[in-house]
Amino acid sequence: MNILIIGGAGFLGANLVRRCLAEPGAKVTVMDSLDPHLRSTTKHLQEVWERIHFARCDLRDEHLLSELVQDQDVIFNCAAQTSHPLSIQYPLLDADINCVGNLKLLETIRLLNNRAIVVYTSSSTVIGKAEHSIVDETHSEKPLEIYSANKGVAEKYYRIYHTLHDLKTVVLRFANLYGPYGKGFPEFGFVNYFIHLAWQNEEIKIFGSGDQTRNVMYVDDATELLWRAANDDRLIGETYFATGDDHLSVREIAETIVSVLGRGQVTHIDWPDERRRMEIDHVKFSSERLRSLTGWQPRYDFRSALNELKGVLERTT
Ligand SMILES: NC(=O)c1ccc[n+]([C@@H]2O[C@H](COP(=O)([O-])OP(=O)(O)OC[C@H]3O[C@@H](n4cnc5c(N)ncnc54)[C@H](O)[C@@H]3O)[C@@H](O)[C@H]2O)c1
């Protein structure tokens, strides 16, 4: 099976590369722009470098993209401007990558390889603040910042290319993934950042009380879901929340990280104004729709995943 992983040098992408390489006969091509603004690097692919074909290419470059999408059986798009704060600082860049980039990809696939399965990694933050105690795919979308707005727009492109052009698209909405190769910077996912701080034996500074709740999921569960999405025709044409069972407060997340890793400490600081304005507060997602179709269950809970990750960190740092 020929597989193209766009954004494959990133956190989710680098883990997905390994999941795909575990399949017999998988030929994996990784495409990534390695944008320094997004702190991208090929470092996380070093171990598997000899087993992949790597192309440095921007999603917005139709010419290079045209060469790469042909002959692929599965195309995963894990490429995005993924920072909520950066999307506010550089809204046009965000729209260019997260909207125009996806349109260019879909057009290229429509013209050159319309039999491929195309899986898009979206974000549960497209809904904004939760209006119900449990949020599923029927929930309204009122995103609070530019990244989430543009992810929501891109999702619609994938659905439209399915309904209008018969492309085999699947959209999975993830929330707060963590695991190996996570970015240890505050402008990206907070769980990986907290893990990075704790591992460096530094303070995890929580905004306010930290009582706001989140779904969190180990990245291996996410890559398993991506693999299933690419291999189950029943999922084609729709958008699904792809979340695990762990629903914890931000404070519990930080305290559990410190407890399991045995490093770092948790402190509290006042909310920065911009962060307070884009805060989604309490939210709990249901992935029931995806689970009932596929029978999928997460393999990890937060503690067991952190223990596994601790082993990885001990071996690799
Ligand atoms: N990590 C999470 O918790 C999470 C949650 C919800 C959704 N997602 C989605 O999952 C996907 C992967 O996220 P991640 O956490 O791995 O992010 P990441 O920032 O680690 O990886 C994104 C990768 O995309 C690449 N990229 C960015 N713009 C590109 C372009 N124009 N052309 C080619 N490559 C480009 C970057 O260089 C980077 O390697 C994204 O679509 C993100 O929106 C992630």
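Read-outs throughout are calculated quantities, based only on the coordinates presented, and are distinct from any laboratory measurement. In this text, all values refer to a predicted model and were calculated from it rather than measured experimentally. Reconstructed Cβ throughout: ideal geometry from the backbone, glycine too, with neighbour counts over all protein chains shown.
Where both partners of a DSSP beta bridge lie in the stretch 188-290, what percent of those bridges are antiparallel, to the nearest 5?
Values: 4 of 9 bridges.
If I count the DSSP bridges inside the stretch 188-290, around 45 percent turn out antiparallel.
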Checklist outcome for this item: Restricting to aspartates and glutamates and to Cα separations under 17 Å from Lys156, and discarding same-chain partners fewer than 8 apart, the set is Asp94, Asp96, Glu107, Asp136, Glu137, Glu141, Asp166, Glu238
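For the chain, what does -39500 (n - 2.57) per DSSP helix run (n ≥ 4), summed and divided by total residues, give at 222 nm, in deg cm²/dmol to the nearest 500?
Helices in the chain give a 222 nm mean residue ellipticity of -11000 deg cm²/dmol.
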Next on the checklist: Can you give me the long-range amide H partners of Val118? Hydrogens built in the peptide plane at 1.01 Å from N, cutoff under 5 Å, separation of 5 or more residues or another chain.
Outcome noted: Ile75, Lys168, Thr169, Val170
Checklist entry - According to a simple spin-label model (label point 7 Å from Cα along Cα-to-Cβ), what is the distance in nm between Gln200 and His268? => result 2.5
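What does the extension gain come out to for Thr42 and Leu144, with contour length at 0.36 nm per residue minus their alpha carbon separation?
Length gained, Thr42 through Leu144: 33.5 nm.
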Checklist outcome for this item: the chain: antiparallel bridges as % of DSSP beta bridges, rounded to 5, reads 10
Checklist entry - Using the alpha-carbon centroid of each, what span in Å lies between the stretch 260-285 and the stretch 137-183? => result 24
Item to check | Cα centroid separation - the stretch 15-73 against the stretch 209-239, whole Å | outcome: 20
